[in-house]
Amino acid sequence: MRFNTQLIHGGNSEDKITGAVSTPIYRSSTFHQYRLGANPQWEYSRTGNPTRASLEKLIAELEDGLAGFAFSSGSAAIHAVFSLYSQGDHFVVGSDVYGGTFRLINKVLKRFSLKFTVVNMQDLGAVEKAIQDETVAIYFETPTNPLLQVADIEAISNIAKKHGIKTIVDNTFATPYNQQPLTLGADIVVHSATKYLGGHSDVVAGLAVTSDQQIADELAFLQNSIGSTLGPDDSWLLQRGIKTLGARLRVHQENADAVIKFLQDDPRIAKIYYPGLTDFPGHRIAAKQMRNFGAMISFELKSGLDAKKFVESLHLIDLAESLGGIESLIEVPAVMTHGSIPREIRLENGIKDELIRLSVGIEDPEDIIADLKQALGKLKQEKG
Ligand SMILES: Cc1ncc(COP(=O)(O)O)c(C=O)c1O
Ligand SMILES: N[C@@H](CCSC[C@H](N)C(=O)O)C(=O)O
């Protein structure tokens, strides 16, 4: 099956009992056991639920992995993956990660004595140099949130393999439509499925997929033991969202291409962060490992232009956290999504106070651009 067919027909897309073409929502916390101690397939919904299992099978197929696991949020999925490891274990972590991941690492995982070295993943020499005797895995996003930095998944996975450690990739920005890290050598992929996979800003969910049987067994154990599983209703909603991933991403991409062109031509834009730009660092690697460059764009206004005024002047584009939904969303990472990172670290990592991040939706591109234009126009008027 090809990818777009798989989106629709993958997982357990037909119910074995009724033939329903949409996986039923099995809203049952427990399941009747016909014989005592017979180890039934379904026993209790935290341990396994048929609706969740269909979604988990689907994401495993889409990422070309062995097993998938659905969690109550992306953060819960990331937490479960780090729970594979023990006190004293060391990780090499990308310097540009979602603010909540930074917070999880620094305010939670460090309390359990996991150790971290932060490295710019574009510097392969620095990645290898950061590996210690206790290092168990390399963890990174690509493209990153919010700077859209691109890391070479294959090259980093090769370094990891050479040192007998694992590679974990947060594939939220790219989705398996644009990039499949497991096929490039990674061992575990995590997602905030709240974003493009759900696609409609109506579900908070997380996914993890692995190509390694031992990790799969351990993740199944941890998912059940920690218990941060995705409920059947949200599992269904997420699977429904995933069915249109390809169709949505094609429009997201067309719109992002139009918005990029507009921003490039506007004299009030100082800098654009987007892997599709040929002069953007990482463009060559993105072109190698991604089907397309996605619809996340970050940018800075020319000095003296007020980013706050700009985002508050938009009418169509929502000023809101999150991304990847059908509606265009804009935000200022320093104040919103990455506010949990101390300012000096944010600045060190390249996240300026005025950086603006735009998630281009699937509205008519003319309307998105008209909104950007009118909000930029207000700034010009004020300055003049
Ligand atoms: C790249 C990335 N990873 C993980 C997360 C965490 O996901 P969630 O909000 O679903 O917990 C987010 C956003 O929240 C994100 O942008
Ligand atoms: N206030 C939230 C931040 C959510 S950010 C959501 C998403 N990852 C994004 O980057 O837009 C928090 O403190 O967790």
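The values are calculated or read from the model by the stated rules, or taken from the named source; none is laboratory data. The structure presented is a predicted model; accordingly, all values stated were derived computationally and were not measured. Cβ: placed from backbone, ideal geometry, glycine included. Neighbour counts: every protein chain shown.
How many residues does the stretch 123-141 contain that are free of Cβ contacts under 8 Å to residues at least 40 places away in the same chain and touching a helix residue (DSSP H, G or I) at 6+ places or on another chain (Cβ under 8 Å)? Summing the residues that are free of Cβ contacts under 8 Å to residues at least 40 places away in the same chain and touching a helix residue (DSSP H, G or I) at 6+ places or on another chain (Cβ under 8 Å) in the stretch 123-141 gives 4.
Looking across the stretch 171-217 at every residue that is among the acidic types (Asp, Glu) and in contact with a helix residue (DSSP H, G or I) (Cβ under 7 Å, 6 or more places away or on another chain), the one that is nearest to residue 359 (Cα to Cα) is identified as 202.
Note on the stretch 58-90: residues that are more than 9 Å from ligand 1 (Cβ to nearest atom), in contact with a strand residue (DSSP E or B) (Cβ under 7 Å, 6 or more places away or on another chain) and closer than 23 Å to residue 179 by Cα amount to 11. I'm checking my understanding of the structure. Among residues of the stretch 287-331 that are assigned to a helix (DSSP H, G or I) and among the aliphatic types (A, V, I, L, M), which one is farthest from residue 357 (Cα to Cα)? Result: 287.
For the stretch 265-286, the set of residues classified as in a helix (DSSP H, G or I) and in contact (Cβ under 8 Å) with a residue 12 or more places away in the chain consists of 283, 285, 286, listed by residue number. Residues that are touching a strand residue (DSSP E or B) at 6+ places or on another chain (Cβ under 7 Å) and among the hydrophobic types (A, V, I, L, M, F, W, C) were ranked within the stretch 236-279; the one that is surrounded by the fewest Cβ atoms within 10 Å (Cβ to Cβ) is 270.
Does residue 31 meet the test of being at pLDDT 95 or above and touching a helix residue (DSSP H, G or I) at 6+ places or on another chain (Cβ under 7 Å)? The answer is no for residue 31. Of everything in the stretch 305-318 that's without any contact (Cβ under 8 Å) to a residue 60 or more places away in the chain and touching a strand residue (DSSP E or B) at 6+ places or on another chain (Cβ under 6 Å), which residue is farthest from ligand 2 (Cβ to nearest atom)? Across the stretch 305-318, the extreme among qualifying residues is 307.
Among the residues of the stretch 243-254, is any more than 16 Å from ligand 2 (Cβ to nearest atom), over 22 Å from residue 72 (Cα atoms), under 21 Å from the mean Cα position of the chain (by Cα) and of a type in the set (Ser, Thr, Tyr)? Checked the stretch 243-254: no residue is more than 16 Å from ligand 2 (Cβ to nearest atom), over 22 Å from residue 72 (Cα atoms), under 21 Å from the mean Cα position of the chain (by Cα) and of a type in the set (Ser, Thr, Tyr). Considering the conditions (1) touching a helix residue (DSSP H, G or I) at 6+ places or on another chain (Cβ under 8 Å); (2) within 16 Å of ligand 1 (Cβ to nearest atom), residue 335 is excluded by exactly one of them, (1).
The single condition from (1) modelled with pLDDT under 95; (2) part of a loop (DSSP other than H, G, I, E, B) that residue 351 fails is (1).
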